[in-house]
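Asker: Questions regarding the structure given below will be posed in turn.
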Amino acid sequence: MRHVKKPDGFEEMAKAAANKPAAFGEDIDLNQFVHASEELPYEQELALLPEETKRQMLQVGVVPEGGDQRAGTFIQMDHSVVHSLVKQEGVEVMGIGQAVEKYDWLADYLWKAVAVDTDKYTAVVELGQSNGYFIRALPGSKVVYPVQACLYLSKARLAQKVHNIVIAEEDSELHIITGCTSAPRGEPGLHIGVSEFYVKRGARLTFTMIHNWTPEIAVRPRTGIIVEGDGVFISNYVILKPVHSLQMYPVARCTGENAIVRFHSILIATPGSSMDVGSKVLLEARGARGEIVSRAITTGGTITARGYIEGSAPDVKGHLECRGLILGGSGVIYAIPELKGTIPGVDLSHEAAVGKIAEEEIEYLMIRGLTRDEAIAAIVRGFLKAGIEGLPAELNAEVQRAIEASEKTLF
Amino acid sequence: MDTENLLEIKELAVEVGGKEILHHVSLTVKAGETHVLFGPNGSGKTTLFMAIMGLPKYRVTRGSILFKGRDILGLSIDERARLGIGLALQKPPVVRGVKIKDIVATCMKGRASEEAVMRLAEKANMVEFLDREVNYGLSGGETKRSELLQLLAQEPELALLDEPESGVDLVNMALIGDLINELLHKEHPIRGRKHSGLIITHTGHILEYVRARTGYVLLDGRIVCEGDPLEILETIKRKGYEECRKCAM
Ligand SMILES: Nc1ncnc2c1ncn2[C@@H]1O[C@H](COP(=O)(O)OP(=O)(O)OP(=O)(O)O)[C@@H](O)[C@H]1O
Ligand SMILES: [Mg+2]
């Protein structure tokens, strides 16, 4: 297994942060997990993967066969790149280790959007065995179909560590769908994914991530995004299935004028699931705009939905919308919207609402002839769909499928 | 029993939040007829509609409601809707995430198709609102058209219209009138006409467009007057509800 070669200096910082707990979420004892995994064979033909693996991938929007609708595919199992393929010109897809060897300049992108000493999870990604993807759209290239990436946690008790770098070069357009999933085996596991996104001047990047874990898995993504002038970054995050513990708080910085960031997320917490999911947008340049929209449903689990927008430049605008629905008796939703303005002339707003479905709305649909269950289903479907507007058709269909599949288990 | 009686309410008493709002209300609507209900604010008009529709908050404590000769008091809201009762609300709620076109299609059940929905929307001048969330950001008059659009899709045999013209401008008033006439099958000959209506109105403007057979005045939860709708309207206009109160004594 190749260890990702990184510039000096980070190792020491990481060592200093090796025991530093995260700002939020349950503190996970890293010693409970196995940290190394065996090298797994490269698979030229994805169709030859085990059926169970392929099913898992499909559920997170990664199409193992018939990737005609994909610009490229990257599959990582545990710490091995088992498949990596590019289908369209203007886009590069490869393992991060290979990319670091290929491009000297990549050193300038490592740990720039996410600090290596953020907490013990980022530290262990630097210090331990890891892998990840490098996806890059070349300047000016419009990559029509999404690149699909799957991060698959297979080995029992493994702490899977991932370090991804995504670069949308100037005036490029890139769509990525990442599915993270684990073998449906009922064993504990830990997924730590560091992702650093660089959206250059005038580029447009949409990033859709679907998580599908099991009730034993803990998940700690660590994401940073830097958006330059006139750049657009749109994130869609969807988690509809049980997870033991999830905590993430991606931070997007708009460093260039008129940069735009949108975070949309859809969360369903079943009994036993604990989720602490936030999004942070820092509007640092004139005219930058940020939007955070989250839709959270609990059927018995706990959700903390955070949102933070900070405006520190003239003419910036930010809006935060956080809605939660409590469908199960023991569920908890804790919404924490925060706004910070440091100069006059920023325009920041938020709305947050947590509750159950209004009886009046159910009755209204019943007056139109829907049964009570049909009325609730229609309202919940509408509630969730509002969380993911603005997706390219292809990705939209993928997410709608995921929502519809989960509905069957909700009611 | 007279099966021509589409709706037959007898000695109805209804409680809301532990307080009796309707005392002994009786009225009968035959198939094909349209009746109107007058009464001051708070007299219980909306309460009567909600009780007919079966909303649990409006608890029937005495009396009976028969629809097509059948006791419907034990039925749920949606069961009553499927039997053929439609209600256009005075103040319908916003339902975020559900689009008007979706709800219209749902109302049409088996008959729904994109073209059919579009045809009805054109009639109701609601095409540009089809992709809007139900009642979200609609003006008062648009809300009224949206309600009638949904009812047209439902084709109920009994339409309960709670103030369909309040907040509607003069131009749209004619449109509302057309929509109600269509809903009530007014173009059909009286003989054999099935669709019936019960309309709540304050101003009576709607009577300039829609013919009604009988009018009632509801006062403090009691029907105090029954007769020619235009005559009742005239009296209320000239002498106010004080005149009706005299009749109640
Ligand atoms: N949910 C409720 N809780 C308590 N009181 C209620 C409730 N709904 C209605 N009421 C009361 O019942 C009475 C009748 O109300 P209703 O809405 O039926 O009047 P209305 O005749 O439709 O009046 P308007 O012309 O203003 O629409 C009012 O005094 C009202 O305050
Ligand atoms: Mg009323």
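Asker: For the stretch B:1-114, with equal point scatterers placed on the C-alpha atoms only and solvent neglected, what are the log10 I(q)/I(0) values from the Debye formula at q = 0.10, 0.16, 0.18, 0.22 1/Å, to two decimals?
Answerer: So the normalised log intensities work out to -0.35, -0.85, -1.03, -1.33.
Asker: Still on this model: Once Rh for the stretch A:231-305 is found with the Kirkwood sum over Cα pairs, what is the Stokes-Einstein diffusion coefficient at 20 °C and 1.002 mPa s, in µm²/s?
Answerer: Details: Rh = 13.0 Å.
Reported coefficient: 164 µm²/s.
Asker: Take B:PHE49, A:PHE24, A:PHE383 and sort them by solvent-accessible surface of the protein heavy atoms, 1.4 Å probe, largest at the top.
Answerer: Numbers: B:PHE49 0, A:PHE24 65, A:PHE383 25 Å².
Sorted descending by solvent-accessible area, the residues read A:PHE24, A:PHE383, B:PHE49.
Asker: Could you give me D for chain B, from Stokes-Einstein at 25 °C and 0.890 mPa s, where the hydrodynamic radius is the Kirkwood radius over C-alpha pairs? Units µm² s⁻¹, please. Please report the intermediate quantities before stating the final value.
Answerer: Working: Rh = 18.5 Å.
Calculated translational D: 133 µm²/s.
Asker: Moving on to the next point. Using 1/(1 + (r/R0)^6) with R0 = 25 angstrom and r between the beta carbons of A:ALA115 and A:PHE24, what's the FRET efficiency to the nearest 0.05? Kindly include the intermediate steps, with their values, before the conclusion.
Answerer: Details: r = 16 Å, r/R0 = 0.62.
Working from the Cβ atoms, E equals 0.95.
Asker: How do B:LYS10, B:LYS45 rank by accessible surface area computed with a 1.4 Å probe, from largest to smallest? Before the final figure, lay out the partial values.
Answerer: Values: B:LYS10 105, B:LYS45 15 Å².
So, going from the largest accessible area down, we get B:LYS10, B:LYS45.
Asker: On average, how many beta carbons from a partner chain sit within 10 Å of the beta carbon of a residue in A:126-139? Walk me through the intermediate numbers first.
Answerer: Working: counts 0, 0, 0, 0, 0, 0, 0, 0, 0, 0, 0, 0, 0, 0.
Per residue, the average neighbour count from other chains is 0.
Asker: I need the peptides B:148-156, B:69-77, A:137-145 ranked by packing, meaning the mean over residues of other C-beta atoms within 10 angstrom, with the highest value on top. Show your work: numbers first, answer last.
Answerer: Numbers: B:148-156: 24.0, B:69-77: 14.3, A:137-145: 18.0.
Ranked from most to least packed, the peptides come out as B:148-156, A:137-145, B:69-77.
Asker: Averaged over every viewing direction, what's the projected area of the C-alpha convex hull for the stretch A:199-263? Give it in nm², one decimal, please. Before the final figure, lay out the partial values.
Answerer: On the way: hull surface 16.2 nm².
The directionally averaged projection comes out at 4.0 nm².
Asker: With θ set to phi - 60° and the Karplus curve 6.51 cos²θ - 1.76 cosθ + 1.60, what are the ³J(HN,Hα) couplings of the stretch A:287-298 in order, to the nearest whole Hz, using x for Gly and Pro?
Answerer: Whole-Hz 3J(HN,Hα) from phi for the stretch A:287-298: x, 5, 10, x, 9, 10, 10, 10, 10, 10, 10, 10.
Asker: Summarise the long-distance tail of P(r) for the stretch A:59-185 by giving the % of C-alpha pairs beyond 19 Å. Could you put the intermediate results ahead of the total?
Answerer: Working: 4049 of 8001 pairs.
The proportion of pairs with Cα distances above 19 Å equals 51 percent.
Asker: On to the next question. Which whole number gives the average, over all residues in A:369-378, of C-beta atoms from other chains lying within 10 Å of the residue C-beta? Present the calculation step by step, with values, prior to reporting the outcome.
Answerer: Values: counts 16, 7, 6, 3, 0, 2, 5, 0, 0, 7.
Average per residue, whole number: 5.
Asker: Full-extension gain between B:MET118 and B:SER166, please, as 0.36 nm times their residue separation minus the C-alpha to C-alpha distance. Walk me through the numbers before you get to the answer.
Answerer: Values: separation 48, 0.36 × 48 = 17.28 nm, distance 2.55 nm.
This chain segment gains 14.7 nm when fully extended.
Asker: Let me ask something else. Could you compute how much accessible surface A:PHE33 exposes when probed at 1.4 Å, giving the result in Å² to the nearest 10?
Answerer: About 30 Å², rounded to the nearest 10.
Asker: Could you name the lysines whose alpha carbon sits less than 28 Å from that of B:LYS57, not counting residues in the same chain fewer than 8 places away?
Answerer: Partners found: A:LYS356, B:LYS10, B:LYS19, B:LYS30, B:LYS45, B:LYS68, B:LYS91, B:LYS99, B:LYS109, B:LYS144.
Asker: One quarter of the convex hull surface, Cα atoms only: what value does that give for the stretch A:250-386 in nm²? Intermediate results must be reported in sequence, preceding the final value.
Answerer: On the way: hull surface 34.8 nm².
Projected area, direction-averaged: 8.7 nm².
Asker: With all protein chains present, how much of the accessible area of chain A (probe radius 1.4 Å) comes from carbon and sulfur, to the nearest whole percent? If you can, show how the numbers build up before the last one.
Answerer: On the way: 7570 of 15360 Å².
Summing carbon and sulfur atoms, their accessible area is 49 percent of the total for chain A.
Asker: While we're on this one: Report Rg (one decimal) and Dmax (nearest whole number) for the stretch B:154-249, counting Cα atoms only, units Å.
Answerer: Computed over the Cα atoms of the stretch B:154-249, radius of gyration and Dmax are 14.3, 41 Å.
Asker: With all protein chains present, calculate the accessible area of B:HIS188 using a 1.4 Å probe and round the result to the nearest 10 Å².
Answerer: Accessible area of B:HIS188: about 70 Å².
Asker: Between the stretch B:152-169 and the stretch A:289-332, how far is it from one alpha carbon centroid to the other, in angstrom?
Answerer: 38
Asker: Under the definition of partner shielding as Cβ atoms of other protein chains within 10 Å of a residue Cβ, what is the mean value for peptide B:71-84?
Answerer: On the way: counts 0, 0, 0, 0, 0, 3, 12, 11, 3, 3, 7, 3, 1, 0.
Per residue, the average neighbour count from other chains is 3.
Asker: For the stretch A:120-161, build the convex hull from the C-alpha positions and give me its volume per residue in Å³.
Answerer: In the stretch A:120-161, the Cα hull volume divided by residue count equals 96 Å³.
Asker: Between A and B, buried accessible area summed over both sides at probe 1.4 Å, in Å² to the nearest 100? Numbers along the way, then the final one.
Answerer: Numbers: alone 16270 and 12130 Å², together 26670 Å².
Looking at A and B, the buried total is near 1700 Å².
Asker: Can you pull a Stokes-Einstein diffusion coefficient for chain A at 4 °C (1.567 mPa s), Rh from Kirkwood over Cα pairs, as a whole number of µm²/s?
Answerer: Details: Rh = 21.5 Å.
Translational diffusion coefficient: 60 µm²/s.
Asker: With a 1.4 Å probe and all protein chains in place, put B:THR203, A:THR214 in order of accessible area, largest first. Walk me through the numbers on the way to the answer.
Answerer: Details: B:THR203 60, A:THR214 20 Å².
Ranking B:THR203, A:THR214 by accessible area, largest first, yields B:THR203, A:THR214.
Asker: To two decimal places, what compactness ratio does the stretch A:111-235 give when its Cα radius of gyration is scaled by 2.2 N^0.38 Å? Spell out each step's value before the answer.
Answerer: Values: Rg = 15.2 Å, N = 125, 2.2 N^0.38 = 13.8 Å.
That works out to 1.10 for the stretch A:111-235.
Asker: Need one value: the accessible area of A:SER274 in square angstrom, 1.4 angstrom probe, rounded to the nearest 10.
Answerer: Approximately 50 Å² of A:SER274 is accessible to the 1.4 Å probe.
Asker: Follow-up. Kindly provide log₁₀ I(q)/I(0) values, in the same order as q = 0.14, 0.21, 0.22 Å⁻¹, from the Debye equation applied to equal alpha-carbon scatterers of the stretch B:60-197.
Answerer: Values returned for q = 0.14, 0.21, 0.22 Å⁻¹ are -0.67, -1.36, -1.44.
The values are calculated or read from the model by the stated rules, or taken from the named source; none is laboratory data. Model, not experiment: these values are computed from the prediction. Counting neighbours? That spans all protein chains shown, and the Cβs are built from the backbone with ideal geometry, glycine included. Please note that ligands, DNA and RNA were not included when accessible areas were found on the heavy atoms of the full protein model with its side chains. Shrake-Rupley method; radii C 1.70, N 1.55, O 1.52, S 1.80 Å.
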